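J.: Mind having a look at this structure? Questions to follow.
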Amino acid sequence: MKAIILAAGRGSRMGYLTENGPKCLVHLRGKPLIEWQLEAIRAAGLTEIGVVTGYQRYLLSTYKLVEFHNKNWFETNMVASLKLAEKWLKAEPCIVSYSDIFYEKSAITSLINCSAPIAVTYDPNWLDVWKKRFEDPLTDAETFLIDTSNRIIEIGNKPNNVEEIQGQYMGLLRITPESWGHIISTLSNLPKSTRDKMSMTNLLQYLVLQTKLSVIGVPYEDEWGEIDTPSDLEKFDTV
């Protein structure tokens, strides 16, 4: 099993903090975000790690990861970035991680141990985290609903109330070659402009609604966080 970190974007909401480098190089508690991800991935036993680069790609060369470069990073979204690592995704199961999150080894091992075609970690205690980040948690939260088999039935929409949120998607998932083939077949039926702008939650929601491919939610209750703004950095920058 391999791991792929999606680090093509600049992270413009971080303002001056990403003027000279991608968001994954912003420091949290003394080290760049990407090092949090690498430590958790390697602690879980994965040694082959790739990174999809874009903005200021040369700054990530020091990590000596397998590079998949998105030359159109400024006008495409995460699904387009992920497709650049298709050679790996077709060959064996891959962990896929956003580059602006931090988490512990257990997040990776829980995905490794899940046999579902697509497995997605989520935080069932999301409200505590979102209250730390936002005065009104619903301003940034997304819907996340699962059935009794932990199959995701809705993800990524704007919620009307907390009852529509059984957890929050973390930006961490595992994809098998079989499911990747299904994803590519599904995407081929969409216009290129739609594919290029598709976010990961857009894709997951599309799969849930339009296909028979099961997307399974895997609960994760250890520490994690998403760094989307300077305010997030300030709030998470203490133990």
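The values are calculated or read from the model by the stated rules, or taken from the named source; none is laboratory data. This structure is a prediction, so every number in the text was calculated from the model and none was measured. Methodologically, a virtual Cβ is constructed for each residue, glycine included, from the backbone with ideal geometry; neighbour enumeration extends over all protein chains shown.
J.: If we scan the stretch 135-143, do we find a residue that is in a strand (DSSP E or B) and at pLDDT 95 or above?
T.: First, the residues of the stretch 135-143 that are in a strand (DSSP E or B): none.
The answer is no; no qualifying residue exists.
J.: Let me ask something else about it. Looking at the stretch 205-222, which of its residues are out of contact with any Asp or Glu (no Cβ under 8 Å at 6 or more places or on another chain) and either polar (S, T, N, Q) or modelled with pLDDT of 95 or more (or both)? Spell out the reasoning first.
T.: Let us first name the residues in the stretch 205-222 that are out of contact with any Asp or Glu (no Cβ under 8 Å at 6 or more places or on another chain), namely 206-207, 209-218.
Passing the criteria: 210, 211, 214, 215, 216, 217, 218.
J.: Within the stretch 8-36, track down each residue that is part of a helix (DSSP H, G or I), under 26 Å from residue 106 (Cα atoms) and either of a type in the set (Ser, Thr, Tyr) or out of contact with any helix residue (DSSP H, G or I) (no Cβ under 8 Å at 6 or more places or on another chain) (or both). Don't jump to the end; show me each part of the working.
T.: Residues of the stretch 8-36 that are part of a helix (DSSP H, G or I), as a first pass: 12-18, 23-25, 33-36.
Among the residues that remain, those that are also under 26 Å from residue 106 (Cα atoms) are: 23-25, 33-36.
Once the filter is applied, which keeps residues that are part of a helix (DSSP H, G or I), under 26 Å from residue 106 (Cα atoms) and either of a type in the set (Ser, Thr, Tyr) or out of contact with any helix residue (DSSP H, G or I) (no Cβ under 8 Å at 6 or more places or on another chain) (or both), the stretch 8-36 yields 35, 36.
J.: From the residues in the stretch 161-198 that are without any contact (Cβ under 8 Å) to a residue 12 or more places away in the chain and in a loop (DSSP other than H, G, I, E, B), which one is surrounded by the most Cβ atoms within 10 Å (Cβ to Cβ)? Before you say what the answer is, go through the steps one by one.
T.: Within the stretch 161-198, the first condition is being without any contact (Cβ under 8 Å) to a residue 12 or more places away in the chain, and the residues that meet it are 163, 185, 188-194.
Adding the requirement that they be in a loop (DSSP other than H, G, I, E, B) leaves 188-191.
Working: 188: 8, 189: 9, 190: 14, 191: 8.
So the residue we want is 190.
J.: Also, quick follow-up: Filter the stretch 199-239 for residues that are in contact with a strand residue (DSSP E or B) (Cβ under 8 Å, 6 or more places away or on another chain), within 27 Å of residue 73 (Cβ to Cβ) and surrounded by fewer than 16 Cβ atoms within 10 Å (Cβ to Cβ) and give the result.
T.: Residue satisfying the conditions is 237 alone.
J.: Does residue 171 satisfy the criteria of being over 25 Å from residue 1 (Cα atoms) and of a type outside the set (D, E, K, R)?
T.: Working: over 25 Å from residue 1 (Cα atoms): no; of a type outside the set (D, E, K, R): yes.
In short, no.
J.: Scan 84, 145, 89 and give me the residue that is in contact with a strand residue (DSSP E or B) (Cβ under 7 Å, 6 or more places away or on another chain) and in contact (Cβ under 8 Å) with a residue 60 or more places away in the chain.
T.: Working: 84 fails: in contact (Cβ under 8 Å) with a residue 60 or more places away in the chain; 145 fails: in contact (Cβ under 8 Å) with a residue 60 or more places away in the chain.
The conditions single out 89.
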